[in-house]
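Please treat every number below as a calculation from the coordinates, not as lab data. Owing to the predicted nature of the structure, the values given are computational and were not obtained by experimental measurement. So basically every Cβ, Gly included, is an ideal-geometry build from the backbone, and we count neighbours across all protein chains shown.
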Amino acid sequence: MPKAAKDNLAMEFSLRMGDNCLILGQQVAAWCGHAPVLEEDIALANTALDLIGQTKFWLGLAAELEGEGRSADDLAFLRDVRAFRNGLLVEQPNGDFGQTLMRQFLFDAWHYLVLTALLSSTEKRIAEIAEKAVKEVTYHLERSSDLVIRLGDGSAESHARMQTALDDLWRFTGELMTPDSVDEALAEIGVAPDLGRIEKQWAEHVRAVLQEATLTIPEGAYMQQGGKAGLHSEAFGHLLADMQFLQRAYPGATW
Amino acid sequence: MYAQQVKSTGARVKSLEEMDAQERAFQERIDAGIKIEPKDWMPEGYRKTLIRQISQHAHSEIVGQLPEGNWITSAPTLDRKAILIAKVQDEAGHGLYLYCAAETLGVSRDQMTKDLLSGKAKYSSIFNYPTLTWADIGAIGWLVDGAAIMNQVPLQRCSFGPYSRAMIRVCKEESFHQRQGYDIMMKLCDGTVEQKEMAQDALNRWWWPSLMMFGPSDNDSVHSAQSMAWKIKQDSNDELRQKFVDQTVPQADYLGLKPPDPDIKWNEARGAYDFGEVDWEEFFRVVKGGGPCNKERLAARNKAWDDGAWFRDGLMAYAATRDARKVAAE
């Protein structure tokens with residue numbers, strides 16, 4: 001494959017990874033000061049910090065591969081809805097704390113497996129980012145798995161809330177593991193993993209945790225698609241409006 | 001970031017001769033600069049004053065997350081967002097170890113939380129002002145954290161060991177906070193006309209509330225003498241306020257900004273800046289609940305606590321069943 005074509009694919013991949021981290025980090029950070037207990041304020045801030053840090057690496061690489069002089073900040077703050085490549089799962093609203101935790105868990109399980117596979121990516125810069133990120137995400141997954149188990153198998157109310165969260169969010173998980181032409185081409189040249197393999201490992205981990213949590217995976221949900229192609233939910237534009245406000249209101253200013 | 005309205009016992013300070021043997025030994029330890037630790041004997045007034053001061057300080061950290069947290073989702077760059085998250089997280093961390101320090105005096109975190117949420121306990125009034133623009137995040141770091149450091153540096157030498165040690169750690173982080181705030185202000189003042197206006201406007205709004213952080217004027221602050229004898233407090237409110245003005249006016253000059261006080265003038269004879277009188281009516285009004293955001297701040301904390309009840313209960317229920325299962329298995 002010619003270098004330009006490979007770079008283009010790697011850029012698209014970095015955007016997807018970066019946008020997932022950015023949008024999830026953005027949402028998790030909104031909990032600061034509003035969590036159910038002080039220790040959770042601190043833990044969520046940690047997760048958000050890790051994700052924003054990873055965003056800088058991924059969007060930095062995407063900007064570099066694009067080679068048009070844009071920065072990671074330009075990509076984060078000056079793209080519109082249709083140019084974002086994150087999965088639908090991470091843009092789902094915070095909801096109650098159960099929704100936030102379930103979203104985190106379903107994403108962490110995927111994130112961890114993808115990053116682990118990326119350690120042997122043929123694109124060195126991608127492998128390097130994965131190496132830094134996987135340490136943080138290992139902990140994210142440990143934490144979210146543990147909390148899903150405790151709350152699922154906790155009180156009647158916590159069980160009900162976690163089950164509702166799972167029912168609501170399940171339909172956004174399939175997209176992460178359904179390859180499009182970009183994913184297929186990336187897997188072929190060894191830049192990114194085969195998503196079919198990720199799906200098997202993901203299902204194994206998620207099923208085990210949900211079983212221990214006494215939660216039931218919803219049957220027959222239609223798996224929504226669109227995030228990778230820039231087809232997002234109605235709330236997404238509002239999320240961007242909040243996030244991009246200063247860069248949009250004061251074009252060209254530095255901060 | 002600190003406790004601004006601490007009432008101590010209100011009683012006149014006893015002389016060593018008036019004290020019984022236990023109290024005298026206690027005071028002599030303090031006078032000798034030896035730290036008091038949680039298991040040591042202490043007068044009830046000392047314990048109560050410290051519980052009130054440390055818990056107010058902790059509450060201030062907790063409520064203090066809210067005005068700055070307001071800008072986390074709208075921070076202008078990825079770096080600024082990360083720095084702000086880290087800063088707000090530090091505040092939650094300060095709250096946590098201050099609650100722990102207060103717990104060593106025999107009050108539970110649940111009780112302190114209850115007192116905050118009911119409005120019984122106070123927190124620093126500065127957090128009852130709103131953050132309207134990004135420059136407010138700079139001004140808070142620069143002025144509010146600056147004033148907090150001024151208050152907290154002497155507290156590192158406080159006679160109560162756990163509080164003193166907590167303050168040593170808190171002060172390190174606060175000085176990073178102040179620098180990041182000043183850095184935001186520098187960027188704004190080097191930026192566009194609109195950005196510089198934003199910076200000046202933030203200084204205009206945060207200047208007086210920052211001066212109020214040091215508490216009432218010494219003339220009206222009747223409870224300080226005992227706290228000073230116990231080395232809970234080391235400098236008077238007015239001394240600290242003066243120090244803050246002397247430090248901050250040149251920093252504003254450097255930014256090309258002007259504090260909103262026409263009476264600020266260098267006084268050669270005193271070797272300090274003269275400055276105008278704080279609006280004490282506003283100060284007491286905001287302390288009593290009449291600030292722009294008192295209601296919103298408490299409502300936000302109550303909502304977080306109430307909405308989180310099922311989460312806390314769920315974790316407790318899990319722990320209880322797990323323990324029961326363990327017992328059954330044994």
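Can you give the average number of partner chain beta-carbon atoms within 10 Å of each beta-carbon in peptide B:61-74, as a whole number?
4
How large is ³J(HN,Hα), in whole Hz, for each residue of the stretch B:270-279 in order, when computed from phi with the Karplus curve 6.51 cos²θ - 1.76 cosθ + 1.60 and θ = phi - 60°, using x for Gly and Pro?
Once θ is set to phi - 60°, the couplings for the stretch B:270-279 become 7, x, 7, 7, 7, 8, x, 8, 5, 6 Hz.
Name the residues whose placed amide hydrogens come within less than 5 Å of the amide hydrogen of B:I36, ignoring near sequence neighbours (fewer than 5 apart) on the same chain.
B:F160, B:G161
Let me know the mean shielding of A:70-76 by other chains, meaning the per-residue number of their Cβ atoms within 10 Å of its Cβ.
Average neighbour count from other chains, rounded to a whole number: 2.
Considering every pair of different Cα atoms, what Kirkwood radius, in Å, is found for the stretch A:14-172?
That comes to 16.2 Å for the stretch A:14-172.
Using +1 at the Cβ of each Lys and Arg and -1 at the Cβ of each Asp and Glu in chain B, identify which of B:I149, B:A309, B:C189 lies farthest towards the dipole's positive end.
Positive-end residue among those listed: B:A309.
Using the charge dipole of the protein assembly as shown (Lys, Arg: +1 at Cβ; Asp, Glu: -1 at Cβ; taken about the Cα centre), state which of A:L231, A:A192, B:Q200 has its Cα farthest towards the positive end.
After comparing all options, I get B:Q200.
Starting from the Cα of B:K233, draw a straight line to each of the aspartates and glutamates and keep only those under 18 Å, dropping any in the same chain fewer than 8 residues away.
B:E28, B:D31, B:E37, B:E44, B:D218, B:D220
List, in the order given, every pair from B:K122/B:K288; B:K243/B:K265; A:K6/A:K228; A:K6/A:K132; A:K56/A:K135 whose Cα-Cα distance in the structure shown is over 20 Å.
On the way: B:K122/B:K288 9 Å; B:K243/B:K265 14 Å; A:K6/A:K228 18 Å; A:K6/A:K132 23 Å; A:K56/A:K135 16 Å.
Check vs 20 Å cut-off fails for A:K6/A:K132.
Need one value for A:22-31: mean number of C-beta atoms belonging to other chains within 10 Å of its residues' C-beta atoms.
Numbers: counts 2, 0, 0, 4, 5, 1, 1, 10, 3, 3.
Mean inter-chain Cβ contacts per residue within 10 Å come to 3.
Calculate one ³J(HN,Hα) per residue across the stretch A:169-186 by plugging θ = phi - 60° into the Karplus curve 6.51 cos²θ - 1.76 cosθ + 1.60, and present them in order as whole Hz with x for glycine and proline.
Using θ = phi - 60°, the values come out as 9, 3, 5, 9, 8, x, 4, 4, 10, 9, x, 9, 4, 5, 4, 5, 5, 5 Hz.
Ranked highest first by the average count of other Cβ atoms within 10 Å around their residues, in what order do A:41-49, A:103-111, B:109-117 fall? Intermediate results must be reported in sequence, preceding the final value.
Working: A:41-49: 22.8, A:103-111: 25.9, B:109-117: 16.8.
Ranking the peptides A:41-49, A:103-111, B:109-117 by packing returns A:103-111, A:41-49, B:109-117.
Less than 19 Å apart at the alpha-carbon level, and either on another chain or at least 8 residues along: which lysines does that give for A:K3?
A:K124
Using the per-residue mean of other Cβ atoms lying within 10 Å as a proxy for protection, in what order, highest first, do the peptides A:232-239, B:63-70 fall?
Highest to lowest by the protection proxy: B:63-70, A:232-239.
Once every DSSP H run of n ≥ 4 in the protein assembly as shown is given -39500 (n - 2.57) and the sum is divided by its residues, what mean residue ellipticity at 222 nm do you get, rounded to the nearest 500 deg cm²/dmol? Each step should come with its number before you reach the end.
Values: 23 runs with 376 residues, N = 585.
Helix-only estimate at 222 nm: -21500 deg cm²/dmol.
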